[in-house]
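K.L.:
The structure is given below, and queries will be raised subsequently.
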Amino acid sequence: MSTAQFVQYLVSGVTQGSIYALIGLGFTMIYAVTKIINFAQGEFVMLGGMLSFTLAHSAGLPLAPALIISVIVAALVGAAMYIFAIRPAKSASVVSLIIITIGAAIFIRGLAGVLWGVDSVRPPFFTGSRSISFLGAYIHPQALWIIGTTVVVTIILHLFLAYTMVGKALKACAINPVASSLVGINPRTMALIAFVLAAAVGGIGGVVMAPLTLTSYNVGVMLGLKGFVAAAIGGFKSPLVAVFGGLLLGVVESLAVAANWGPFTSAYKDAIAVIVLLLILLIRSGRLAEEEMTG
Amino acid sequence: MLSRLKSKWSYVVIAALLTLSILLPFDWFLSQYTTLAIFIGIYTIVTVGLCLLMGYTGQVSLGQAAFFGIGAYISAILSKTYGVNPWLAMLIAAIMTGAFAYIIGYPIFRLKGNYLAMATLGLGLIMWILFRELSHFTGGPDGMSGIPYLSIGGFVFNTSFRRYFLVWFFCLAVLLISQNIVRSRVGRALRAIHGSEAASESIGINVEQFKVKILVLSAVYASIAGSLFVHHLRFVSPGTFDFLASVKLVVMAVIGGLASVWGAIFGAGATRILSDEILLRFGQWDIVIYGLILVLVMIFMPEGLFVRLKEIFERLRLMYRQRGVEP
Amino acid sequence: MRNYLKYAVVLVLVAALLALGGISCSKGEKEAYKVGALFSTTGANSNLGLPEKETVDMMVEQINAAGGINGHPLEVVFYNTETDPAKCATLATKLIEQDNVLAIIGPTGSPESLGIIDTVTTAKIPNVSCAANIGIVTPVSERYWVFKTPQADKEVADEILRYMQQHDITKIAIITDVNAFGAGGKAVLNSDAGNYGITIVADQTFGSDDTSMQSQLTYIEGKHPEAVICWATDKASAIVAQDMKTLQMTIPLFCSHGIANQAFINEAGDAANGVIFAAGKLLIVDEVPATDPQKDVLTQYKTDYETKYPGKTASTFGGHAYDALSMVVIALGKIPGGLDTAAARQAVRDQIEQIHNYVGISGVFTMSPTDHLGMQPGSLAMIKIVDGKWTWLK
């Protein structure tokens, strides 16, 4: 394997990983505040992409307003999902809430299929499609947008959670909802904000990746799965580790293809990546258990 | 948690249901649903195992389709490619699946909470990829066809009619065995674990061992269901055991209700009837309605169908009793 | 005494439910000829299944407007298989036992089609499949009831390999989808490449829902092939085309008939230009000479489809369904009236097997007891995409 090839594997892996990271961020946001695994996260991403196509391509809106509106609509869908599907469930068990998110995901996916049909579509690239040379490898300009967006969103989210009142309230709610409500933080408002934020992050991910990955009514399933893995690495609690998890997943998948080791051809890349990550988790769980015991 | 059936009304309802089920394939009208009933029976068997696993270990299993698929493929490969007697193949499949669950059980249960969920997801994903890629044995993405029927002596289960009774025999057996487990010492231990693992450990219950045992049991159930599946359809392909399949199984378990093994019939039944009969009529809107129904059912019946139906049944009985008639 | 009342009530209810059977007992002969259709309008194969269903809907309208088949109206009972072989098998049983259809057209995908072979054989009902795998109709001795209309993957692959041989290409890489369609192409390319003096230096695969094939292409680049063959349907192929452009790979990209629709061009954008593939002649019907027997059928179908479904472009997948239903209709037109279901199914099957020189969309068909695909050579065209349009490479 030449250096240029190795760099290319990394570049491709980081691009894919950024996609997973963005989705994983959304999972983490909702889980951290509400303890719900939101199986509809992938659908928010799908909506961002589909809407940006309709607005930018079919309706002919200029790019920036199309993207912004798409993200806002995705965020509104997240809010609607919380208000109409999650909040009415009151004190349902975690498992029941998970089924509700599954139901909501199927509902959104189905509605997208009815409205947009089944074909894949490609929204316009932000800055064209001439690939850029980088250390002997090539990177698509849209991939730079994806990586850049992931970095920016992660930083903004981190600052938001650490330094703003709302952000701190969200974190407090995540750490201890009962205590937070005692100091006047309304867990239902926090949950709504978490859903809106997660949907917005998903929508942002969707609009920035759709030109490169193509989008259709059912991309949410696979994307949600990858984002779930990314978030799981972060324990569903830490946004930063979720981003790291996503990047790791992308890079390991890419290197698994490069290795082409024996019978484990590129067909096995998803399995290899999952196994590697599970091994990491197993090792971590050993250390985590130690940390808990030594306090 | 399941109260004894004290009133005679319950026996009446059960007798009626039993009669209906036995006569179903004979009836001119209902017999067209025999195949549907077979699938409900098969999926109930998987769901019972999943209910026990999720209900008592409190863990979501996102990869249960893996065990279903292992049982299916082992049965298919042994009976079709190697000419092994289908019953023996089913037994071997169940043993192998159970052993597999035992081996991965201990490492998997070292992970907690959502890490465990991801491990189950990973398991499902890896098995699906193996079913697809080990094409020399499994037939690859095209699958395998020509799987033989089950038979006893000269009596071959080659009609839906016969397989209906076969599948429901297994299904009832599984349900009764599980009900027994739930009421036994094992069941009480499991409920203790579900309540508090730390407390259970402190009174001498080996939590890990119990969890692994339940995993093995659920795997064996799923394997049996898988075997029945391939001897009914005579065809198997990897698409039946993907991530979405595992999700559907979880939906069946929760919709039916995790509190009781009988909920599995309702969960599997309601889901299959919806997707195989009712939603067909709605064209492109079928999954929109399905999603809506899921959300509504979980909002209004968070404990599952079985518990809610029992509540309604009890309320009717009380209303009836208040009118001065002794039930 | 009151106890028995409840038992009685329940028993009456049970009896009533069972008695419903009496009300909906089976009828005598029906006026309409019923044909079953199994296509995947949702799921992974939805963009193949949807044009198939649309084509069938259009044909039913046309046939019934023209008076039906020998006066019998044509009724197609359609079920969506959702690209799920288990569901497909269940629906096939439903069509056979509940809807009492005389023949089944479809399914769309190979696993689904392979999965119902046992069902239709046991039930003794003819099945004209719209799926790719040659195993659907071979070995013919075991496929008495099964026919198919799309070209076999082998013919498409051989067409591409032959073209490459004519252009002195000797080293290629193949990149295929892990699904049944891609696996079929991979198998046939690996077995036939040698016959054309071509060596496969890299053999990569990707998942149907993958969003990037750059890693696989990077690996391929390292083996220095002279061309790449991609075997997948439009979406995945579009990503391959795009990734090749991103990696600034200059070698030509050949694709399967899975991209024989407008969707590929829309999805791949600029990257579609220069792609070469083999498919039926529908896409380049304007360039087909008037002497070609298929010219009229192709032109008519394209016009009809695009009139009925404005904004859509006719695709070869719809053509597969057109041919399947047409052959069933031809068969129905030749069977005598007054047959019961079992005899009618046998008669339809026999008539399909005797079809001779049926000029269809996918090709010209002559079925026989030893050939249930029956496609005559010359049905495929090598097509190149230039400026977003299909051109015929003669």
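K.L.:
Would you kindly derive the ³J(HN,Hα) couplings of the range C:278-288 from the backbone phi angles with the Karplus curve 6.51 cos²θ - 1.76 cosθ + 1.60 (θ = phi - 60°), listing them in order in whole Hz, with x for Gly and Pro?
P.N.:
With the stated coefficients, the range C:278-288 comes to 10, 7, x, 7, 4, 5, 10, 4, 5, 8, 6 Hz.
K.L.:
Something else about it: Evaluate Rg over Rh across chain C, taking Cα atoms for both radii and Kirkwood's formula for Rh.
P.N.:
On the way: Rg = 23.6 Å, Rh = 22.3 Å.
When Rh is taken as the Kirkwood radius, the ratio is 1.06.
K.L.:
With only alpha-carbon atoms in the gyration tensor, what are the semi-axes of the equivalent ellipsoid for the range B:115-202, in Å, largest first? List each step's numbers first, then the result.
P.N.:
On the way: eigenvalues 259, 145, 14 Å².
Square roots of five times the eigenvalues give 36, 27, 8 Å.
K.L.:
So what is the relative contact order for chain A, in percent, with contacts set as C-alpha pairs under 8 Å and at least six apart? Please report the intermediate quantities before stating the final value.
P.N.:
Details: 486 pairs, mean separation 111.1, N = 295.
Relative contact order of chain A: 38 percent.
K.L.:
Sticking with this structure for a sec: For a quick check of your reading of the filter: which trypsin sites (Lys or Arg not before Pro) in the range A:52-138 sit in a DSSP loop and have no more than 13 other Cβ atoms within 10 Å? Mind dumping the intermediate values first?
P.N.:
Working: sites: A:Lys90, A:Arg109, A:Arg130; in loops: A:Lys90, A:Arg130.
Counting only loop positions with at most 13 other Cβ atoms within 10 Å, the trypsin sites (Lys or Arg not before Pro) in the range A:52-138 are A:Lys90, A:Arg130.
K.L.:
Got a number for carbon plus sulfur as a percent of the protein assembly as shown's accessible area, 1.4 Å probe? Walk me through the numbers before you get to the answer.
P.N.:
On the way: 25510 of 39500 Å².
Ligands and nucleic acids excluded, carbon and sulfur give 65 percent.
K.L.:
Amide H of C:Val364: which non-local residues (sequence gap of 5 or more, or other chain) have their own amide H closer than 5 Å, using H built in the peptide plane?
P.N.:
When sequence neighbours closer than 5 places are left aside, the close amide H contacts are C:Gln376.
K.L.:
Taking accessible area as the heavy-atom solvent-accessible surface of the protein chains with a 1.4 Å probe, which residues of the range B:278-320 lose no less than 50 Å² upon going from the isolated chain to the full protein assembly?
P.N.:
By number: B:Leu280, B:Gln284, B:Ile287, B:Val288, B:Val295, B:Met298, B:Ile299.
K.L.:
Right, something else. Restricting attention to the range B:9-108, which chymotrypsin sites (Phe, Trp or Tyr not before Pro) occupy a DSSP loop and are surrounded by at most 10 other Cβ atoms within 10 Å? Provide the component values of the computation, followed by the final result.
P.N.:
Values: sites: B:Trp9, B:Tyr11, B:Phe26, B:Trp28, B:Phe29, B:Tyr33, B:Phe39, B:Tyr43, B:Tyr56, B:Phe67, B:Phe68, B:Tyr73, B:Tyr82, B:Trp87, B:Phe100, B:Tyr102; in loops: B:Trp28, B:Phe29, B:Tyr82.
Those satisfying the criteria are B:Tyr82.
K.L.:
Amide H of C:Phe78 versus every other amide H placed in the peptide plane: which residues, excluding those fewer than 5 positions away on the same chain, fall under 5 Å?
P.N.:
Hits under the 5 Å cutoff: C:Ala37.
K.L.:
Just to make sure I understand: if all protein chains stay in place, what is the order of B:Ser196, B:Ser79, A:Ser58 by accessible area at 1.4 Å, largest first?
P.N.:
Values: B:Ser196 45, B:Ser79 10, A:Ser58 80 Å².
The ordering from most to least exposed comes out as A:Ser58, B:Ser196, B:Ser79.
K.L.:
Give the ranking of B:Met96, A:Met1, C:Met327 by solvent-accessible surface, highest area first, calculated with a 1.4 Å probe. Please list the in-between numbers first.
P.N.:
Working: B:Met96 100, A:Met1 140, C:Met327 0 Å².
Accessible-area ranking of B:Met96, A:Met1, C:Met327, largest first: A:Met1, B:Met96, C:Met327.
K.L.:
Another question, then. Just to be sure I understand the curve: with the Debye formula and one point per C-alpha of the range B:243-327, what is log10 I(q)/I(0) at q = 0.18, 0.25 Å⁻¹?
P.N.:
-0.79, -1.18
K.L.:
In Å², what does the accessible area per residue of the protein assembly as shown work out to with a 1.4 Å probe?
P.N.:
Values: 39500 Å² over 1016 residues.
Value for the protein assembly as shown: 39 Å² per residue.
K.L.:
Another one. Exactly which chymotrypsin sites (Phe, Trp or Tyr not before Pro) in the range C:307-394 are in a DSSP loop and have at most 12 other Cβ atoms within 10 Å? Walk me through the numbers before you get to the answer.
P.N.:
Values: sites: C:Phe317, C:Tyr322, C:Tyr358, C:Phe365, C:Trp390, C:Trp392; in loops: none.
Here no chymotrypsin sites (Phe, Trp or Tyr not before Pro) fit, given the DSSP loop and packing criteria.
K.L.:
What is the ratio of the Cα radius of gyration of the range B:195-246 to 2.2 N^0.38 Å, with N the residue count, to two decimals?
P.N.:
On the way: Rg = 16.9 Å, N = 52, 2.2 N^0.38 = 9.9 Å.
The range B:195-246 yields a ratio of 1.71.
K.L.:
Continuing with this model, one more query. Put one equal scatterer on each alpha carbon of chain B, apply the Debye formula with no solvent term, and list log10 I(q)/I(0) at q = 0.07, 0.11, 0.15 1/Å to two decimals.
P.N.:
Normalising to I(0) and taking log10 leaves -0.30, -0.74, -1.34.
K.L.:
Place a +1 charge on the Cβ of each Lys and Arg in chain A and a -1 charge on the Cβ of each Asp and Glu, then give the dipole magnitude about the Cα centre in debye, rounded to the nearest 20.
P.N.:
Details: 14 positive and 7 negative charges, 86 e Å.
The calculated dipole for chain A is roughly 420 debye.
K.L.:
Using Stokes-Einstein with the Kirkwood hydrodynamic radius over Cα pairs, what translational diffusion coefficient do you get for the range A:24-111 at 25 °C and a viscosity of 0.890 mPa s, in µm²/s rounded to a whole number? Please list the in-between numbers first.
P.N.:
Details: Rh = 13.7 Å.
Calculated translational D: 179 µm²/s.
K.L.:
Let me ask something else. Buried accessible area between C and B (1.4 Å probe, both chains summed, ligands and nucleic acids excluded), in Å² to the nearest 100? Spell out each step's value before the answer.
P.N.:
Values: alone 17160 and 17110 Å², together 31130 Å².
The C and B chains share an interface burying roughly 3100 Å².
K.L.:
Now for a different question. Add -39500 (n - 2.57) for each DSSP H run of 4 or more in the protein assembly as shown, then divide by its residues: what number comes out at 222 nm, to the nearest 500 deg cm²/dmol?
P.N.:
-20000 deg cm²/dmol
K.L.:
Using the Karplus equation 6.51 cos²θ - 1.76 cosθ + 1.60 (θ = phi - 60°), what ³J(HN,Hα) coupling, rounded to whole Hz, does each residue of the range C:189-206 give in order, writing x for Gly and Pro?
P.N.:
Computed from phi, the couplings for the range C:189-206 are 5, 4, 7, 9, 4, x, 4, 10, x, 10, 9, 9, 8, 8, 9, 10, 10, 8 Hz.
K.L.:
With a cut-off of 8 Å between alpha carbons and a minimum separation of six or more residues, what is the relative contact order of chain C in percent? Walk me through the numbers before you get to the answer.
P.N.:
Working: 768 pairs, mean separation 60.8, N = 394.
Result for chain C is 15 percent.
K.L.:
With N set to the residue count of the range C:224-355, report its C-alpha Rg divided by 2.2 N^0.38 Å to two decimal places. Don't skip to the answer; put the middle values down first.
P.N.:
On the way: Rg = 19.8 Å, N = 132, 2.2 N^0.38 = 14.1 Å.
Scaled against compact globular proteins, the figure is 1.41.
K.L.:
Using the Karplus equation 6.51 cos²θ - 1.76 cosθ + 1.60 (θ = phi - 60°), what ³J(HN,Hα) coupling, rounded to whole Hz, does each residue of the range A:76-91 give in order, writing x for Gly and Pro?
P.N.:
These are the phi-based 3J(HN,Hα) values: 5, 4, x, 4, 4, 4, 5, 5, 9, 10, 8, 4, x, 6, 6, 9 Hz.
K.L.:
OK, next. So how tilted is helix C:110-123 from the main axis of chain C? Cα-based, degrees 0 to 90, rounded to 10.
P.N.:
30 degrees
K.L.:
Same structure again: Please say if the protein assembly as shown is rounded, prolate or oblate, where rounded means a/c under 1.5 for a ≥ b ≥ c the square roots of the C-alpha gyration tensor eigenvalues, and otherwise the choice is prolate for a/b larger than b/c and oblate otherwise? Don't skip to the answer; put the middle values down first.
P.N.:
Working: a/c = 1.68, a/b = 1.10, b/c = 1.53.
Oblate.
K.L.:
Over all pairs of distinct alpha carbons, what does the Kirkwood formula give as the hydrodynamic radius of the range A:3-294, in Å? Walk me through the numbers on the way to the answer.
P.N.:
Details: mean 1/r = 0.0510 Å⁻¹.
Kirkwood hydrodynamic radius for the range A:3-294: 19.6 Å.
K.L.:
Helix C:234-246 sits at what angle to the longest principal axis of chain C, using alpha carbons and giving 0 to 90 degrees rounded to 10?
P.N.:
Roughly 20 degrees, rounded to the nearest 10.
K.L.:
For the range B:57-138, state what percent of all Cα-Cα pairs lands in each successive 5 Å bin, counting from 0 Å until the bin that includes the largest distance.
P.N.:
With 5 Å bins starting at 0, P(r) equals 3, 15, 22, 22, 17, 11, 6, 3, 1.
K.L.:
Now, a different point. Could you grab the relative contact order for the range B:215-272? Cα pairs under 8 Å, six or more apart, rounded to a whole percent.
P.N.:
On the way: 24 pairs, mean separation 11.0, N = 58.
Relative contact order of the range B:215-272: 19 percent.
K.L.:
Kindly report, to the nearest 10 Å², the accessible surface of B:Thr240 as traced by a 1.4 Å probe over protein heavy atoms only.
P.N.:
Surface accessible to solvent at B:Thr240 totals approximately 20 Å².
K.L.:
For the range A:116-148 and the range A:6-77, what is the separation of their C-alpha centers, rounded to whole Å?
P.N.:
Here the two parts' Cα centres lie 15 Å apart.
The values are calculated or read from the model by the stated rules, or taken from the named source; none is laboratory data. Bear in mind the structure is a predicted one, so any value in this text is a computation, not a measurement. Here the Cβ is made from the backbone with ideal geometry for all residues, glycine too, and neighbour counts use every protein chain on show. Only protein heavy atoms, including side chains, enter the accessible area calculation; ligands, DNA and RNA are left aside. Shrake-Rupley method; radii C 1.70, N 1.55, O 1.52, S 1.80 Å.
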